[in-house]
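The values are calculated or read from the model by the stated rules, or taken from the named source; none is laboratory data. These numbers were taken from a predicted model, which means no experiment stands behind them. Here Cβ is always computed from backbone atoms with ideal geometry, including for glycine, and neighbour counts include all displayed protein chains.
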Number of protein chains: 2
Amino acid sequence: MRHPTGRHFLQIPGPTNVPDRVLRAIDNPTIDHRGAGFAELGKSCLEGMKAVFRTGNPVMIFPSSGTGAWEAALVNTLSPGDRVLAFETGQFATLWAKMAADLGLRVDFVPGDWRRGVDPAEAAAKLSADRNHEIKAVLVVHNETSTGIRSDVAAVRRALDNAEHPGLLLVDTISSLAAMDYRHDEWGVDVSVGGSQKGLMLPPGLSFNAVSSKAIAASKDSKLPKSYWRWEEMLANNARGFFPYTPATNLLYGLREALKMLQEEGLENVFRRHDRLAEATRRAVRAWNLEIWAANPAEYSSSDTAVLLPDGCSESALRAVVLERFNMSLGAGLGKTAGKVFRIGHLGDFNDLMLAGTLAGVEMGLGLAGIPHRKGGIAAALDYLIGQESETA
Amino acid sequence: MRHPTGRHFLQIPGPTNVPDRVLRAIDNPTIDHRGAGFAELGKSCLEGMKAVFRTGNPVMIFPSSGTGAWEAALVNTLSPGDRVLAFETGQFATLWAKMAADLGLRVDFVPGDWRRGVDPAEAAAKLSADRNHEIKAVLVVHNETSTGIRSDVAAVRRALDNAEHPGLLLVDTISSLAAMDYRHDEWGVDVSVGGSQKGLMLPPGLSFNAVSSKAIAASKDSKLPKSYWRWEEMLANNARGFFPYTPATNLLYGLREALKMLQEEGLENVFRRHDRLAEATRRAVRAWNLEIWAANPAEYSSSDTAVLLPDGCSESALRAVVLERFNMSLGAGLGKTAGKVFRIGHLGDFNDLMLAGTLAGVEMGLGLAGIPHRKGGIAAALDYLIGQESETA
């Protein structure tokens, strides 16, 4: 296979394009994970992650995929047979619920059509009806990567509070963290689950649990078997900048650098950048006369946009031609959207001209794949981007 | 803190010195983990690891520390309340047994003084006495990193066979894999547990399970709750070069390069190199008039050497002065050996002159820390190294 020319456009909704600064940081020699130099690294990562999650409580870092941090959130707070409430908002909500069942929990899985986020009224009804407080935790995916749909975490918190329900609120922020506004403490989240390969601009291999005091208290009574994921030893070691077992040192080098970059830009600016690039993407989709998969504009994701193709068109053919001709990876449809939806990732280390290239690749790909569409998506996006710039100038 | 001059000597028994070739490979941009380019990477890593474990069966790669692969070995093959037989050969054998207990297994933990490996006769006695075959698995740490002691895995296999005992043989080869002779298939191991940061010359963050058909069969009946570590989805995805959740792509780049390097050198040569550098190290220790912690020469490790200090001497003072003055990290005593033993790691990307520097650092450190010893350790090691070279020339 000939090496494709130019930079690859990695426009799946994560892993995202890793900045050179982060790659170069990861490239440093591994050090003794029990030495003083490591403790400095550990402390700066653990402390820096608190700002990203917007929490004053501890954040834990696991050497694992985000999937591992899902498991950590469950096994540290729950006991066999506990009931959890989850919502079918997409592929990842479905997988997390399946994991809960696999681990011996009873899952009350509220069905959905994958085109909307969690309905806070439905959550409220479920919680109010649970008078004996059998539901021990509510699972919410903040940004459903598979559908480009954001759920209103604060509203689910209010539903819990209004029902005076003691259930824990566990939230997957894997594809929203450091890309979309997320507030662990303010929203009263008990465990937030994060991953390294999305807004944090790192390769995959690190995952996160941000916790609340209530979650820590629940972990004392939790009976699900655990060892690797157990918070107790993790927190005890973290206090001194260390880890209970060998941490993924080189990825932590990368995390330290990524945290520096996020701090330099400012989290609020990071969110605004993503909001703006997402809106430009949606304007392109509408100009193409294609349908944004998300049904409710209030729930649009700023991390990725899922696009519905006309009946009979193949998303895999589109992605194949875009990869072959233009050296760009787009996200596939997953689960219930397989075959009919493709996804544009616009999160992480991403800017106007990268988006222009991305949309150009999609527009040309639509033509090559014979998918009925209007041209003019890029133009619509650029008009918006340039208009925005003058407005803010 | 002033940046210490020159290269750091990372002479803990892992993480080991990562070759520049591997660091540069890790430094490449992250790619789509569902694309064809990734499948090639995945396949070459999965296939290459078979040769390292010396197995024709599948090897699985987890994004985690080695500790995670311990957990994977247990939760995939065993059920709550199952009995396992383990041997107190050192810190890591103790931690693995503790993990088994934490996960709900009943552990028959044969006590030991940490100065010897598994006694095959003791294993045989335990297994013969277990007439009802209540013991479902035997846990052995091939190379106890905490003590520099090798256990005879093949002899434990024979003990199982002679007793006609159906228990599974689970072996931790984290600090021996790709450093010391290890034979998954020939020794009849059912699950071998490996990690990336030792003989494989990678940063930490990848772990491995090599399996047998019997282990796969056992996994069908295993009842311990599992999700992240479950083999079933892992094997199904691996068949096409993929993973059930996002893999640690950049560390896999490193693994592909490390496998290339091991192949270039040849595994037999890798083992011989380690054997030789280990013997040179022991000669230095004897010349210093210090005691090798391992009681039985047949069990000497080729990965690391633990050295006992005279009564009243502090290993932490020695390690501190060596780090401060000579920019070298040595291994601490762990658990029962804390305070009295230090460890020299001589595995991974390591050669004669690196060993000379390492031993020079230890010899000068012994002097600076006021630890009674004779000089001449380096000289003894070099005499051996140069003699060996002429012998093989």
- Query: When residues of the range A:247-269 are filtered for being crowded, with 24+ Cβ neighbours inside 10 Å and either over 22 Å from the mean Cα position of the chain (by Cα) or under 15 Å from B:PRO203 (Cβ atoms) (or both), how many remain?
  - Reply: 8
- Task: Considering only residues that are within 8 Å of chain A (Cβ to nearest Cβ) and of a type outside the set (A, V, I, L, M, F, W, C), look in the range B:17-31 and name the one that is surrounded by the fewest Cβ atoms within 10 Å (Cβ to Cβ).
- Result: B:ARG24
- Query: Pick from the range B:66-84 the residues that are touching a Gly at 6+ places or on another chain (Cβ under 7 Å) and buried (at least 24 other Cβ atoms within 10 Å of the Cβ): which of them is nearest to B:LYS198 (Cα to Cα)?
  - Reply: B:GLY66
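Within the range B:322-333, is even one residue within 26 Å of B:ARG116 (Cβ to Cβ) and among the hydroxyl-bearing types (Ser, Thr, Tyr)?
no
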- Item | Residue within the range A:1-14 that is modelled with pLDDT of 95 or more, of a type in the set (D, E, K, R) and surrounded by fewer than 23 Cβ atoms within 10 Å (Cβ to Cβ) present | no
- If you go through the range A:136-149 one residue at a time, do you hit one that is modelled with pLDDT of 95 or more, surrounded by fewer than 24 Cβ atoms within 10 Å (Cβ to Cβ), in contact with an Asp or Glu (Cβ under 7 Å, 6 or more places away or on another chain) and not small (Gly, Ala, Ser)? yes
- Item | B:LEU330, sole failed condition from (1) more than 28 Å from B:ARG272 (Cβ to Cβ); (2) within 14 Å of chain A (Cβ to nearest Cβ); (3) touching a Lys or Arg at 6+ places or on another chain (Cβ under 6 Å) | (1)
- Query: Within the range A:200-234, can you find the residues that are aliphatic (A, V, I, L, M) and in contact with a strand residue (DSSP E or B) (Cβ under 7 Å, 6 or more places away or on another chain)?
  - Reply: A:LEU206, A:ALA210, A:VAL211, A:ALA215, A:ALA218, A:MET234
- Counted residues, the range A:200-214 - those being part of a loop (DSSP other than H, G, I, E, B) and either over 21 Å from A:PRO247 (Cβ atoms) or more than 25 Å from the chain's Cα centre (by Cα) (or both): 1
- Which one of these does B:ARG273 not meet: (1) part of a helix (DSSP H, G or I); (2) more than 30 Å from B:MET364 (Cβ to Cβ)? (2)
- Note on the structure: Within the range A:1-49, the residues that are aliphatic (A, V, I, L, M) and either under 22 Å from the mean Cα position of the chain (by Cα) or closer than 15 Å to A:LEU251 by Cβ (or both) are A:LEU10, A:ILE12, A:VAL18, A:VAL22, A:LEU23, A:ALA25, A:ILE26, A:ILE31, A:LEU41, A:LEU46, A:MET49
- Yes or no: B:ASP311 more than 14 Å from chain A (Cβ to nearest Cβ) and closer than 26 Å to A:LEU95 by Cβ? no
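Which of the residues spanning the range A:215-242 are within 12 Å of another protein chain (Cβ to nearest Cβ) and in a helix (DSSP H, G or I)?
Across the range A:215-242, the qualifying residues are A:GLU232, A:GLU233, A:MET234.
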- Query: Just wondering, is there one or more residues in the range B:176-186 that are within 14 Å of chain A (Cβ to nearest Cβ), in contact (Cβ under 8 Å) with a residue 60 or more places away in the chain and out of contact with any strand residue (DSSP E or B) (no Cβ under 9 Å at 6 or more places or on another chain)?
  - Reply: no
- Within the range A:314-327, which residues are crowded, with 21+ Cβ neighbours inside 10 Å and either in contact with an Asp or Glu (Cβ under 9 Å, 6 or more places away or on another chain) or away from chain B (no Cβ under 14 Å) (or both)? A:LEU318, A:LEU323
- Query: Does A:GLU257 meet the test of being farther than 30 Å from A:LYS136 by Cα and within 14 Å of another protein chain (Cβ to nearest Cβ)?
  - Reply: yes
- Mind listing just one residue for me: the one in the range B:85-107 that is out of contact with any helix residue (DSSP H, G or I) (no Cβ under 7 Å at 6 or more places or on another chain) and surrounded by fewer than 24 Cβ atoms within 10 Å (Cβ to Cβ) and, of those, farthest from the other protein chains (Cβ to nearest Cβ)? B:ARG106
- Test set (1) buried (at least 17 other Cβ atoms within 10 Å of the Cβ); (2) within 18 Å of the chain's Cα centre (by Cα); (3) more than 26 Å from A:LEU334 (Cβ to Cβ); (4) not acidic (Asp, Glu) - A:ARG272 fails condition number: (1)
- Item | Single residue of the range B:32-45 satisfying the filter (crowded, with 20+ Cβ neighbours inside 10 Å and touching a strand residue (DSSP E or B) at 6+ places or on another chain (Cβ under 8 Å)) that is nearest to the other protein chains (Cβ to nearest Cβ) | B:ASP32
- Item | Residues within the range A:322-366 that are touching a Leu at 6+ places or on another chain (Cβ under 7 Å) and under 19 Å from A:MET201 (Cβ atoms), tallied | 7
- Scanning for something more than 17 Å from A:GLY345 (Cβ to Cβ), small (Gly, Ala, Ser) and free of Cβ contacts under 8 Å to residues at least 12 places away in the same chain, does the range A:270-289 turn up at least one residue? no
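Could you tell me which residue of the range B:130-170 is nearest to B:LEU347 (Cα to Cα), considering only residues that are assigned to a helix (DSSP H, G or I) and not charged (D, E, K, R)?
Filtering first and then ranking leaves B:VAL153.
From the residues in the range B:4-16 that are part of a strand (DSSP E or B) and more than 7 Å from chain A (Cβ to nearest Cβ), which one is farthest from A:VAL22 (Cα to Cα)? Full working, then the answer.
Going residue by residue through the range B:4-16, those that are part of a strand (DSSP E or B) are B:9-11.
After this cut, where a residue has to be more than 7 Å from chain A (Cβ to nearest Cβ) as well, the list is B:9, B:11.
Working: B:PHE9: 24, B:GLN11: 26 Å.
So the residue we want is B:GLN11.
For the range A:205-221, what are the residues that are surrounded by 19 or more Cβ atoms within 10 Å (Cβ to Cβ) and farther than 17 Å from B:TRP229 by Cβ?
A:LEU206, A:PHE208, A:ASN209, A:ALA210, A:VAL211, A:SER212, A:ALA215, A:ALA218, A:SER219
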